[in-house]
Structure formats: C-alpha cells, structure tokens
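K.L.:
Structure in structure tokens, see below.
The values are calculated or read from the model by the stated rules, or taken from the named source; none is laboratory data. Here the structure is a predicted model, which means the values were calculated and not measured. With ideal geometry, Cβ positions are generated from the backbone for all residues, glycine too; neighbour counts draw on all protein chains shown.
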C-alpha cells in the first residue's frame, strides 16, 4: 500500500518544483517591470485562462488524492467497513492506557483504533523509529474518535499525542507500542 | 548633520512632530505601537527557535508554552491589528474625502488594544497561562495545569482588545456612511450597500446598473471589517464562557467541563477564529495590494469589476471554510470536511490567485517602474502569498491532512510564510509608501538599510518556513518539544533564518528612528498642536 513516506515524497517534489517556478517568475517579473516595454496591456484572455487553471488545480487536487491516497476513501467510508482487528485505547491525565503492553498486528490487517479521552482534547498518532509520521487523528472528550488503518509493512511503531494538551502533555509517548508481525 | 544629531532630530531635521494633524499623529501612534509589539514577537520567536534546538534552563517548559501562546496573539492583535487600524482609520477617510467619524473613538481603539495586549502578554508571562490561541475545550479551564487568576487576566486582556476592535468596526462603518457637518446629506444606505458589495451583486441581475459609491480599497476595508466584527463577537463570547468557569473556580466551585460539547465548541471557535486567517487578512491584503498598485503606478486597476466581485466572494468564502481545521476530527461530519474543508477552501486559491494576477497586471501596465522600497516590499508580499496559499490548499485535503495536521509543515510554509512574508511585507510596503504622507515629507534615512531590511526579511521568512516545512514532512510536530535533537539540522537552519528576521527588524527600526529622530518619536505621542479634523495640514 502507498504509505505516508511515499505521499510526502511526492508532495515534496511537487511543492519544490512549484516554489522554484514561482521564485523564477517573480524574479523575472521584478526585472522586467523596471525595463521599458511595449505598450501592451495584459490581455483578458490570459486572465481568464489563469482563472480556469486555478479552478482545475483546486478541484483536481482533491480528486487525484482521492484516487491515489488509499486512506482517504477508507476514512470517509469507515463506518461501513469491518476491521480485522480492533483496539480500544483510553487517554486520561496525559496518559495512554493500552489494552496490552504491546499491540500486535498481523501484516496486511485492517485495524480500527477507538480512542477515548476522559478529560482533555488530545491527539493520537503513530510514528516510525525515525520519527516520521504514519497517521494521526484528534481525540475529543465526549466523542467517538476512531480510525481505520491497513498495516502492510513489518515495522514497529510508537504512539504519540499529536495535539497540545498543556505543558504536561509533552511526554505523551509510548515507545515501540505497536508491532506489525507476519 | 552628525550621527547623534540625526538620531535626535531625524534625517536632515525634516520631520517636525508639531506640524502633524491629530489624524496623522493617531495613525503614527498606531504604527509605533504595532512595531514595538512586532519587536516583542520577533524576540519571542528567536527564543522559541533556540529552544526548539535545545531547551535551556532559563526558560521552563511552562514558560515556553506561555510564550507560544502569547506569540501569535501579540503578533495578530498587538502588532498587525494596530498597524491595520492605524492605516485604515487614516485611509478610509482619505479615500472617502471626509473626516474620520470619531477621533476620540479611534484613540479608545488605540489604547484598548495596546493595554489589552500588554495585559494578556503579562498574564501569560507571570502566570504561564498557556492554552494556546486554539483554546481547545476544556484546556483553557484546566486549572490543574493553569492558574485561575492568571487565566482571568489573560482573558480580560483579550476582551479589551476585542472591545477596541468593535470600536474600530463602528468607526469605519460610520465614517463610510455619516454626513459631516455642513455637508449635503449622504446616502448612507446606498454607501453601505456599495461598500459591502450588494450594489455589485444587484447589478448582475438588473439592466439599470448602479454606480459604485465607494472606491475598491474602501470596499475591501469594509468587507474585511465585517469579518473582524464577527470574529470579535465569537472571541468575546468564548472568552465570557471561559470566564464563567474561572469566576466559579475563584469562588471554589468547579463547573463540569462536559457541560460544553468539545466538538461544537471547536466548530464555533474555529468559525470565528478562521475569519482572521482566511477572512479579513486575505481581504485586507488584497485591498492593500490594489491600493498600492494603483498608487505606485498611477494607473487604473486591471479588471476592477472582477476584483470587486472577488472580494465579495472572498468574504462569503471566509464564512464557510472553517472545517478545514477539523479534518482530523473523526466526529466531524464527512460532508462538512469535503464541502467546507476541501471544496470551499479551494476557492481561496482562486480568489487569492485573482488578486495576485490583477495586482501584477496593473504593475505591468505601467512599465518601466522604479524599484522603490514600497514596490519591492509589495512584490515580496505577493510572493509570500503565492507560496503560502498553495501550501494551505495542500493541507486542506483529507488525504494529506492525515499526515500533515499539527506538523511543522502547517506552521512553516503555510502560516509563517503567509504572515511573515505575505502579510508583513505588504504592511511594510504600505508603511514605506505612507511614511512621507504621514510625516509631512520626512525623508527615509537610508535606502541601503531599506534594502538590507528587504533581503534579510525575505530570505529569513522564506527560509524559516522552508526548513520548518522540511521538518514537518519528516514528522516533526508543532506545539511540542523534542529533547534528543531529533530534528536539529532543520531547527538550526530555521533558527539561522529566524536570526535574519531579527536582523531585518533591527535594521528597519534603526532606519525609521533615524528618519524621524528620537525627538520625533516622542513628539508623535505629545498632544497635537494643530486643532483640525482634516487629515493633512493645509498647504499655504
């Protein structure tokens, strides 16, 4: 399955290219407007083409991600999907309480995490050993906070709160809490 | 003149504070206050940048988060609001060619926002009250972590700013609609319709077109001010709610947090809060770009009618985009995430893209232009939003938000590039442009220092955003601390760029003080000797 590393690599390339183009364009523009040029005002057709381009980019971004990022449709339809495994996690007083010391997931399983907050608004995120993020969600008190995720890599993950819950929350990390095994 | 003489009397002694009208003094006081608070923000930013590399013992974790809480609020309310208030309270009557409705009320706005900002900043500094600007329920009322008294003063400080803001709103709309003494009766209703864009809207459906009674920049100010009013109401309402919990706690009663639904609260608070980031900032900035482009070039704005319509669309869009802040909230209805979070938010790419294109096309029509500080900073501001808006559109996608939310990506390439490069450089452009008008012809001390200011700010702002963004793409969260140097390469580079921003501010500050002189700065705050409602002194 496509994972966050791959998606973010794609985003990095796309955004970097865009930044280079826009920097070059502005540098060129700044140079050109200080030079005398032909009396040629910008044509309205160029303007309307630009508007059309913005509309296409704005809409197509979400269509492209819907078709290429697997967790997007999974998330939108999660109420109708049955998970292979389910874990109920509770957060209270800036502490995670897991159903067991280590959560074991079989490779390829579709897993649902139900996370409940007993007091504050927290976050729930999975991170790799190199600190890169696999996914995250917000955890609100008094509400159902669930996420579905397919694990197809043999890896160990840490759990971390991804939302600020006061200065007491900075150590809300459970190292190597999840093992994906064969 | 010697250096000391210039420092005391300003460049060539041209600035005479006693020649200023009350309105000029008012606008300059707002700018001075705004710049002092900007200095606070830059200094706090540098402390936090160093702390992100290696936490040091002089600042506790509690204090760090108190700084993190105050930093954006001082930046927005203490600095940006002050400069915007000063500029628009001067420019709206200037463009409407009539006096400000009430200088007295404008002075109330100045002192309420100044004292309010100082109050909440001090409350955070002393008590370490740190629920962040997001105030996610029930954190602001979590008295196991925060001082009730500190929090009470913090909220009261914010409330003072909001009252000052509402006075500004009233002053702007009254200035647009009122009839000055001795004038022919002004069509108040028609003026307000034109300012809000209702005239333009009805023109779409009628054959007999009505003329626009207010200029485009005034229309932009009016529409942004609507968002400002809604924002002030929501923040005040939320503040009152939090104060109820605080007052109860002071009397020994602990109200249940569950009385307030965390998701509903998050929706209304983000609806109001987002009216700043995705509303008034974008509308005010677009209006300022249009004004500066026409003033710099002396040409008519390219596609003015479209620009007017886009400002109206932007206002409506700003009322419906808040859900992009709740894309990672699983209890938030999916339909809101898609419609408000993804689709309507994508409109910001279009409206801001239009403003970008229209401004560039207007500048293009006046070639060749001299690369003056106002033009240079205007281009910097345009570049800032051209970089930051697409970054924001990316994170407002359900798929990408899952792996970007609350990372340094959000606060780097999006927030800091938008605010530091886009917004601040636009404001600097306006300051450089208005300086001779507001000071009756004071001459900028050094173009070379203005150049250093430009490059240090541009490279520092974009660089800092870029390195924060790279850290975010590798998983670094915002609003937390790392103790083992996990992201130090990026944080050191971001810190160096932060130092450039500090350098830029110091250079600018020195340049301005040397332009008007220390005596001039003090003179700005002394009572005006000319008693007039006119904006500028009468020329002989």
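K.L.:
Could you look through segment A:69-96, keep only residues that are within 8 Å of chain B (Cβ to nearest Cβ) and assigned to a helix (DSSP H, G or I), and pick out the one that is surrounded by the most Cβ atoms within 10 Å (Cβ to Cβ)?
P.N.:
If we take residues in segment A:69-96 being within 8 Å of chain B (Cβ to nearest Cβ) and assigned to a helix (DSSP H, G or I), then A:75 is surrounded by the most Cβ atoms within 10 Å (Cβ to Cβ).
K.L.:
Within segment A:13-58, how many residues turn out to be closer than 25 Å to residue B:369 by Cα and at the interface with another protein chain (Cβ under 8 Å from one of its Cβ atoms)?
P.N.:
Of the residues in segment A:13-58, 16 are closer than 25 Å to residue B:369 by Cα and at the interface with another protein chain (Cβ under 8 Å from one of its Cβ atoms).
K.L.:
Something else about it: Please count how many residues of segment B:105-137 are within 28 Å of residue B:267 (Cα to Cα) and either touching a strand residue (DSSP E or B) at 6+ places or on another chain (Cβ under 6 Å) or within 14 Å of another protein chain (Cβ to nearest Cβ) (or both).
P.N.:
Selection size over segment B:105-137: 11.
K.L.:
Oh, and also: Among the residues of segment B:521-540, count how many are farther than 17 Å from residue B:442 by Cβ and free of Cβ contacts under 8 Å to residues at least 40 places away in the same chain.
P.N.:
Residues in segment B:521-540 being farther than 17 Å from residue B:442 by Cβ and free of Cβ contacts under 8 Å to residues at least 40 places away in the same chain: 3 in total.
K.L.:
Take the residues in segment A:115-136 that are at the interface with another protein chain (Cβ under 8 Å from one of its Cβ atoms) and part of a loop (DSSP other than H, G, I, E, B); name whichever of them is surrounded by the fewest Cβ atoms within 10 Å (Cβ to Cβ).
P.N.:
A:130
K.L.:
Still on this structure, please answer the following. Could you list all residues from segment B:271-300 that are over 17 Å from the mean Cα position of the chain (by Cα) and either without any contact (Cβ under 8 Å) to a residue 60 or more places away in the chain or part of a loop (DSSP other than H, G, I, E, B) (or both)?
P.N.:
Selection gives B:271, B:298, B:299, B:300.
K.L.:
Hey, could you check segment B:169-208 for residues that are in contact with a helix residue (DSSP H, G or I) (Cβ under 8 Å, 6 or more places away or on another chain) and not in a helix (DSSP H, G or I) and say which is modelled with the lowest pLDDT?
P.N.:
For segment B:169-208, the residue satisfying everything is B:197.
K.L.:
Something else: Which ones in segment B:4-49 are touching a residue at least 24 places away in the same chain (Cβ under 8 Å), over 25 Å from the mean Cα position of the chain (by Cα) and in a helix (DSSP H, G or I)?
P.N.:
B:6, B:7, B:8, B:9, B:11, B:12, B:13, B:17, B:18, B:19
Here is a yes/no grid of residues against (1) over 24 Å from residue B:428 (Cα atoms); (2) touching a residue at least 24 places away in the same chain (Cβ under 8 Å); (3) more than 18 Å from the chain's Cα centre (by Cα):
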{"site": "B:79", "(1), (2), (3)": "no, yes, no"}
{"site": "B:85", "(1), (2), (3)": "no, yes, no"}
{"site": "B:92", "(1), (2), (3)": "no, yes, no"}
{"site": "B:102", "(1), (2), (3)": "yes, yes, yes"}
{"site": "B:108", "(1), (2), (3)": "yes, yes, yes"}
{"site": "B:113", "(1), (2), (3)": "no, yes, no"}
{"site": "B:139", "(1), (2), (3)": "yes, no, yes"}
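K.L.:
Let me ask you something else. Give me the residue from segment A:143-160 that is assigned to a loop (DSSP other than H, G, I, E, B) and touching a residue at least 24 places away in the same chain (Cβ under 8 Å) and, out of that set, nearest to residue B:487 (Cα to Cα).
P.N.:
Selected residue: A:155.
K.L.:
Please find, within segment B:365-381, the residue that is surrounded by the fewest Cβ atoms within 10 Å (Cβ to Cβ) out of those that are within 7 Å of another protein chain (Cβ to nearest Cβ) and touching a residue at least 40 places away in the same chain (Cβ under 8 Å).
P.N.:
B:369
K.L.:
If I go through segment B:110-133 residue by residue, how many of them are within 18 Å of residue B:258 (Cα to Cα) and surrounded by fewer than 19 Cβ atoms within 10 Å (Cβ to Cβ)?
P.N.:
Result for segment B:110-133: 0.
K.L.:
Same structure again: Out of A:112, A:160, A:153, report the one residue that is surrounded by fewer than 20 Cβ atoms within 10 Å (Cβ to Cβ) and within 14 Å of another protein chain (Cβ to nearest Cβ).
P.N.:
Step by step, each of A:112, A:160, A:153 is checked, and only A:112 is surrounded by fewer than 20 Cβ atoms within 10 Å (Cβ to Cβ) and within 14 Å of another protein chain (Cβ to nearest Cβ).
K.L.:
Which one of B:444, B:420, B:502 is at pLDDT 95 or above and part of a loop (DSSP other than H, G, I, E, B)?
P.N.:
Only one candidate passes the filter, namely B:444.
K.L.:
I'd like the full set of residues that are out of contact with any strand residue (DSSP E or B) (no Cβ under 8 Å at 6 or more places or on another chain) and crowded, with 19+ Cβ neighbours inside 10 Å, limited to segment A:167-176.
P.N.:
A:167, A:170
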